[in-house]
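Only one structure is covered here, and it is reproduced in the block below.
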Amino acid sequence: MDDLEASLIFLAMCIPFFIGTVWAVLDVAQKNFATFRTKALWWLVASVPFVGFIVYLLFGMRKGRKTGT
């Protein structure tokens, strides 16, 4: 396996996690939570690379309400 192939495999594995992290951070930004402190906490959790968006998806996504509803 050459360096280019290894790099492409690494990127292919990282891109879904990056997209998930960006989605989670944007989702937190669009929702109202009970307090600003709760929102800030979920923002920090969602920002953690690789696992933050999974934790947010499993536990935090349903805690907030979309703005305007």
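Based on what the data block shows, is MET1 over 15 Å from the mean Cα position of the chain (by Cα), surrounded by fewer than 11 Cβ atoms within 10 Å (Cβ to Cβ), at pLDDT 90 or above and not charged (D, E, K, R)?
Criteria not met by MET1.
So, in the stretch 27-69, exactly how many residues are at pLDDT below 90 and not in a loop (DSSP other than H, G, I, E, B)?
Going through the stretch 27-69 one residue at a time, the tally reaches 3.
The values are calculated or read from the model by the stated rules, or taken from the named source; none is laboratory data. These numbers were taken from a predicted model, which means no experiment stands behind them. Every residue, glycine as well, gets a Cβ built from its backbone with ideal geometry; the counts of neighbours run over all protein chains shown.
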